[in-house]
Amino acid sequence: MAFDGPTIAETLRRQGISRRGFLKFCATTASLMALPPSMVPAIAAALEQARRPSVIWLSFQECTGCTESLTRSHTPSIEGLILEQISLDYHHTLQAASGEAAEAAREAAMRENHGKYLLVVDGSIPLGNPGYSTIAGVSNLDMLKETAAGAAAVIAVGSCAAYGGLPAALPNPTGAVPVSAIIKDKPVMNVPGCPPIPVVITGVLAHFLTFAALPELDDHGRPKVFYGESIHDRCYRRPFYDQGKFAETFDDEGARKGWCLFKLGCKGPVTYNACATTKWNQGVSFPIQSGHGCIGCSEPGFWDMGPLYKPLSMPIAPVQMMVGAAAAGGAIAGAAMALRNRAAKQSAQAAHQKVTVADLEKAK
Amino acid sequence: MSNLELLTWARGPGLSIALAVCAFGILLRLFEIFSLGRKADLSKAREHSPGSGWRTIVSRSLPPPGLMKRAPVTYIGGYVFHLGFAITLFFFVPHIELVRGLTGLSWPGLPTQVVDIAAVAAILALIAVLASRLSNPVKRLLSGVQDYLAWLLTFLPLLTGYLAFHHLLIDYTLALALHILSVELLLVALPFTKLFHTVSVFISRWYNGDIFGRKGVAS
Amino acid sequence: MPSTDSGADHGNALPILNEIRHALARLLESGETSVIDLGALPMGPQDEAELLAALGEGEVEATISAGGPSSVRETAFHGVWLLTHRNEAGETLARFIEIAFVPELLMSQAEDVADSAAALAKKLGQAQNS
């Protein structure tokens with residue numbers, strides 16, 4: 001990524017940060033990117049070369065929760081440092097300019113950094129009718145195609161951009177689709193979650209900034225460093241699952257003792273995200289630690305994946321009525337078969353002709 | 001279709017269809033079997049033998065003398081499989097949870113380590129009886145497609161359940177989905193194959209015992 | 001909402017302590033240092049307190065003022081250091097356990113030493129000229 005201007009190491013140096021401070025920055029960045037501490041020298045070497053990339057952020061059918069999540073991480077912190085190192089050239093929710101001035105900024109950033117800028121998208125794209133969601137009179141679909149054309153890579157932030165999310169939940173009234181359904185000729189990375197963990201958003205931005213490339217992705221296009229393991233496998237309550245100790249209700253003794261929430265519908269075993277280790281609000285807690293099961297918000301189509309409070313091994317819909325009806329149907333069909341068999345027997349009996357020895361003699 | 005969507009289908013429409021087919025089939029066959037009836041036995045009973053049917057249910061569940069020597073694999077494999085399968089099916093806590101969710105009935109489960117041993121024993125026993133079926137010329141001659149199908153349909157839930165429980169080889173979500181789907185296949189096939197013996201075994205044993213009792217064969 | 005559970009022993013600290021034990025053996029045998037990122041491990045509310053209590057407090061404590069204060073503290077086990085990196089606002093950014101004779105960050109870095117040598121030479125030159 002050949003952006004102009006000083007490298008990140010040079011920028012930090014100009015700010016009077018020592019090599020020791022730089023190494024601390026690299027160590028905390030490694031932790032942020034969920035990379036092992038042994039990667040620190042590689043990160044240091046990469047940051048020596050890395051230059052400030054231009055970022056364009058587009059918001060489509062979304063609730064601004066993802067941007068809220070990102071800005072909540074934006075206390076003066078490592079994330080702040082990261083964001084100072086990127087050039088956020090367009091984000092219509094955050095930027096001061098609006099209307100034509102804002103669009104001019106987007107077009108200028110696209111022109112100046114053609115083929116090099118990073119495109120971040122939150123929200124899904126309605127295909128039902130272009131008028132469902134527009135920005136400055138441009139439909140989401142057109143703006144995405146136009147902006148993605150010159151991007152080096154696209155990051156779909158949040159479950160809406162990654163999978164369609166809430167707008168795409170049944171019956172999907174706007175015909176919402178994720179970014180990956182439209183952009184096929186660029187690397188697209190999904191950073192799902194409702195919202196994604198703030199430091200995961202900044203972590204993937206840091207990864208692009210550091211290595212000028214997207215990290216390794218899983219089958220759903222998610223970065224493996226953050227989405228490589230299930231919540232269940234990284235949960236601090238996992239030992240209780242293995243011991244068979246479960247909370248039965250939200251206020252029983254098991255719940256107070258912090259036992260496993262599987263029976264209360266926790267989706268941890270089928271959900272891949274970093275919540276269990278990265279946690280939320282500067283590492284304070286995450287849903288399971290707060291006593292509520294995981295709802296699986298970073299998995300495709302989680303809105304339509306059955307009740308939140310039913311265990312994963314349980315049926316989604318009540319089956320008793322249907323099974324009862326089927327059993328009654330079986331009984332009726334069985335009775336019908338019985339009548340048919342009886343009729344067949346009777347007709348066989350009626351058609352039965354007795355044969356005597358004399359008859360046989362005659363037949364000879 | 002993602003793994004989670006597959007699991008959702010298996011837990012939702014898939015389960016409803018499988019249970020409905022199974023319930024329909026069982027009722028259909030029971031009605032048919034019972035309504036066929038038997039010709040009235042006009043001969044006088046040889047010996048007064050009340051409870052002969054009930055005793056046969058027990059006695060036929062015990063190994064007859066000599067079988068251990070004649071068919072050790074069938075004998076040991078059969079017992080180990082049926083016991084292991086029953087323990088896994090009825091005493092694994094998530095299975096009890098499922099029954100409780102469907103019917104409200106529940107009973108205490110066994111520790112997962114015990115269930116684990118039972119499941120492994122059942123899997124090994126199934127492999128052993130299949131090997132014996134294939135290597136023994138008489139058994140091979142007697143076996144039809146339905147026998148191998150029944151074996152496969154029984155084996156798959158055990159295998160996928162084991163993989164899911166131990167997080168082996170495949171992703172847990174997929175393993176759980178495949179486990180539930182394999183059980184659904186078993187449920188659908190159960191009323192219409194030899195697997196129906198899970199329902200009819202004690203009925204036919206009682207009948208055999210009773211009829212032989214009348215004919216003077218003590219049970 | 002912080003954690004709702006209280007006092008349960010999840011036993012997640014024990015594997016980390018064992019990892020530290022192996023790292024100490026490696027340090028003695030080959031001089032290889034190890035770093036454990038505490039942010040990457042599953043830890044319940046009691047696990048962390050349990051881990052820190054097990055490690056105890058040692059003889060050395062230092063503060064690094066570079067891009068916010070970082071505390072470096074040797075635990076009761078020599079060679080096992082607890083590093084806490086904070087930003088200017090005092091918020092914790094990352095925490096590591098480093099198994100080393102001296103943590104890397106406590107040592108002066110060659111680039112900084114070179115800068116300092118030049119700066120000192122310049123200062124002395126100015127003093128002589130004036």
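The values are calculated or read from the model by the stated rules, or taken from the named source; none is laboratory data. All figures in this text were calculated on a predicted structure; none of them were measured in a lab. With ideal geometry, Cβ positions are generated from the backbone for all residues, glycine too; neighbour counts draw on all protein chains shown. Accessible surface areas use protein heavy atoms only, side chains included; no ligands, DNA or RNA. Shrake-Rupley method; radii C 1.70, N 1.55, O 1.52, S 1.80 Å.
Name the residues of segment B:24-58 whose accessible area, probed at 1.4 Å, falls by at least 20 Å² once all protein chains are in place instead of their chain on its own?
Buried on complex formation: B:Phe24, B:Leu27, B:Leu28, B:Phe31, B:Glu32, B:Ser35, B:Leu36.
How big is the protein assembly as shown along each principal axis, measuring the range of its Cα positions in Å and listing the largest first?
Here the Cα extents, ordered largest to smallest, are 151, 66, 51 Å.
For segment A:8-227, what proportion of DSSP beta bridges, expressed in % and rounded to the nearest 5, is antiparallel?
Numbers: 6 of 25 bridges.
Bridges in segment A:8-227 are about 25 percent antiparallel.
Need the C-alpha centroid separation for segment B:147-219 versus segment B:1-66, integer Å.
If we compute the Cα centre of each part, the gap is 11 Å.
Going from most exposed to least, what order do C:Met107, A:Met110 have by accessible area with a 1.4 Å probe?
Values: C:Met107 90, A:Met110 25 Å².
Largest to smallest exposure gives the sequence C:Met107, A:Met110.
At a probe size of 1.4 Å, how large is the accessible area of A:His220, to the nearest 10 Å²?
Counting only protein heavy atoms, A:His220 exposes about 60 Å² to solvent.
For every helix of n ≥ 4 consecutive DSSP H residues, a contribution of -39,500 (n - 2.57) applies; sum these over chain A, divide by its total residues, and give [θ] at 222 nm rounded to the nearest 500 deg cm²/dmol.
Numbers: 16 runs with 150 residues, N = 364.
Value at 222 nm, helices only, nearest 500: -12000 deg cm²/dmol.
With only Lys, Arg, Asp and Glu charged, each at its Cβ (+1 for the first two, -1 for the last two), find how big the charge dipole of the protein assembly as shown is about the Cα centre; round to the nearest 20 debye. Mind showing how you got there, number by number?
Working: 57 positive and 60 negative charges, 985 e Å.
Value, rounded to 20: 4740 debye.
Helix A:320-350 versus the longest principal axis of chain A: what angle, 0 to 90°, nearest 10, using Cα atoms?
Here the helix axis deviates by roughly 30 degrees.
Starting from segment A:282-356, pick out the trypsin sites (Lys or Arg not before Pro) whose DSSP state is loop and whose Cβ has at most 11 other Cβ atoms within 10 Å. Kindly include the intermediate steps, with their values, before the conclusion.
Working: sites: A:Arg340, A:Arg342, A:Lys345, A:Lys354; in loops: A:Lys354.
Those satisfying the criteria are A:Lys354.
Using each residue's phi in segment C:113-118, evaluate 6.51 cos²θ - 1.76 cosθ + 1.60 at θ = phi - 60° and report the 3J(HN,Hα) Karplus result to the nearest Hz, with x for Gly and Pro.
Rounded to whole hertz, the list is 5, 4, 4, 5, 4, 5.
What is the magnitude of the charge dipole of chain C about its Cα centre, with +1 placed on the Cβ of each Lys and Arg, -1 on the Cβ of each Asp and Glu, and no other charges, expressed in debye to the nearest 20?
Values: 7 positive and 20 negative charges, 101 e Å.
For this selection, approximately 480 debye.
Compute for chains A and C the buried accessible surface, both sides summed, probe 1.4 Å, and express it in Å² to the nearest 100.
Numbers: alone 18880 and 8510 Å², together 24460 Å².
For chain A against chain C, roughly 2900 Å² becomes buried.
Which log10 I(q)/I(0) values does chain B give at q = 0.16 Å⁻¹ under the Debye formula, counting every alpha carbon as one identical point scatterer?
-1.31
Convert each backbone phi in segment C:83-98 into a coupling constant with the Karplus relation 6.51 cos²θ - 1.76 cosθ + 1.60 (shift: θ = phi - 60°), then list the ³J(HN,Hα) values in order as whole Hz, x for Gly and Pro.
Taking θ as phi minus 60°, the curve returns 10, 10, 9, 10, 8, 4, 7, x, 7, 6, 9, 7, 9, 10, 10, 10 Hz for segment C:83-98.
Quick one: which residues, 5+ away or cross-chain, put their amide H under 5 Å from the amide H of A:Leu88? H built at 1.01 Å from N.
Correct list: A:Val55.
Compute the accessible area of each residue in segment A:319-334 twice, once for its chain alone and once with every protein chain present, using a 1.4 Å probe on heavy atoms, and list those whose area falls by at least 30 Å².
When all protein chains are present, A:Val319, A:Gln320, A:Met322, A:Val323, A:Ala326, A:Ala327, A:Gly330, A:Ala331, A:Gly334 each give up 30 Å² or more of accessible surface.
Could you work out [θ]222 nm for chain C from helices alone, using -39500 (n - 2.57) per DSSP H run of at least four and dividing by all its residues? Round to the nearest 500 deg cm²/dmol. Walk me through the numbers before you get to the answer.
On the way: 3 runs with 49 residues, N = 130.
Result for chain C, helices only: -12500 deg cm²/dmol.
Normalised by the number of residues in chain A, what is the relative contact order in percent for Cα pairs under 8 Å and 6+ residues apart?
Working: 604 pairs, mean separation 49.2, N = 364.
Value for chain A: 14 percent.
Where in chain B is the longest stretch that carries no trypsin sites (Lys or Arg not before Pro) classed as loop by DSSP and with at most 10 other Cβ atoms within 10 Å? Don't skip to the answer; put the middle values down first.
Values: sites that count: B:Arg38, B:Lys39, B:Lys44.
Excluding the exposed sites themselves, the longest stretch runs over B:45-219.
Could you tell me which of the pairs A:Lys24/A:Lys224; B:Lys39/B:Lys215; A:Lys116/A:Lys145; A:Lys186/A:Lys279 are separated by over 20 angstrom between their Cα atoms in the structure shown?
Values: A:Lys24/A:Lys224 24 Å; B:Lys39/B:Lys215 15 Å; A:Lys116/A:Lys145 16 Å; A:Lys186/A:Lys279 31 Å.
The pairs that break the limit, which is 20 Å between Cα atoms, are A:Lys24/A:Lys224; A:Lys186/A:Lys279.
From the C-alpha gyration tensor of segment A:215-364, pull out the three semi-axes of the equivalent ellipsoid (sqrt of 5λ each), sorted largest to smallest, in whole Å.
Working: eigenvalues 843, 76, 40 Å².
Three semi-axes, in Å: 65, 19, 14.
Placing +1 at every Lys and Arg Cβ and -1 at every Asp and Glu Cβ, with all other atoms neutral, what dipole size does chain A have around its Cα centre, in debye to the nearest 20? Mind dumping the intermediate values first?
Values: 32 positive and 30 negative charges, 283 e Å.
Its charge dipole is roughly 1360 debye.
Against the longest principal axis of chain B, how steep is helix B:172-189, in degrees 0 to 90 to the nearest 10, with axes from Cα atoms?
Result, in degrees: 30.
Can you give the % of DSSP beta bridges in the protein assembly as shown that are antiparallel, to the nearest 5?
60
Given A:Tyr272, A:Gly334, A:Pro287, which one lies farthest toward the positive end of the charge dipole of segment A:229-335, if we put +1 on the Cβ of every Lys and Arg and -1 on the Cβ of every Asp and Glu?
Ranked along the dipole, the leading option is A:Pro287.
Could I get the Rg over Rh figure for segment A:8-227? Both from C-alpha atoms, Rh via Kirkwood, rounded to two places. Working shown, then result.
Working: Rg = 17.2 Å, Rh = 17.7 Å.
The Rg/Rh ratio comes out at 0.97.
What is the set of long-range amide H partners of A:Ile135 at a cut-off below 5 Å, with H atoms built 1.01 Å from backbone N?
Those lying under 5 Å, H to H, from A:Ile135 are A:Asn140.
Might you tell me the accessible area per residue for the protein assembly as shown, computed with a 1.4 Å probe and given in Å²? Don't skip to the end; give the middle numbers.
Values: 35480 Å² over 713 residues.
Dividing the accessible area of the protein assembly as shown by its residue count gives 50 Å².
Out of C:Gly79, C:Pro42, C:Ser65, whose Cα points farthest toward the positive end of the dipole of chain C (charges: +1 Lys, Arg; -1 Asp, Glu; placed on Cβ)?
C:Ser65
Please report the carbon-and-sulfur percent of the accessible area for the protein assembly as shown; probe 1.4 Å, protein heavy atoms only, DNA, RNA and ligands left out.
Details: 22230 of 35480 Å².
Answer for the protein assembly as shown: carbon and sulfur cover 63 percent of the accessible area.
Using all C-alpha to C-alpha distances in segment C:32-72, build P(r) with 10 Å bins and read off the rounded percent in each one.
20, 42, 37, 1
Can you give me the long-range amide H partners of A:Leu217? Hydrogens built in the peptide plane at 1.01 Å from N, cutoff under 5 Å, separation of 5 or more residues or another chain.
Result for A:Leu217 returns A:Lys224.
Using protein chains only and a probe of 1.4 angstrom, how many square angstrom of C:Asp112 are accessible, to the nearest 10?
Roll a 1.4 Å probe over it and C:Asp112 shows about 30 Å².
Using the 4.7 Å Cβ rule, please list in number order the cysteines from the protein assembly as shown without any candidate partner.
Here A:Cys26, A:Cys63, A:Cys66, A:Cys160, A:Cys235, A:Cys260, A:Cys266, A:Cys275, A:Cys294, B:Cys22 come out as lacking a disulfide-compatible partner, given the Cβ-Cβ threshold of under 4.7 Å.
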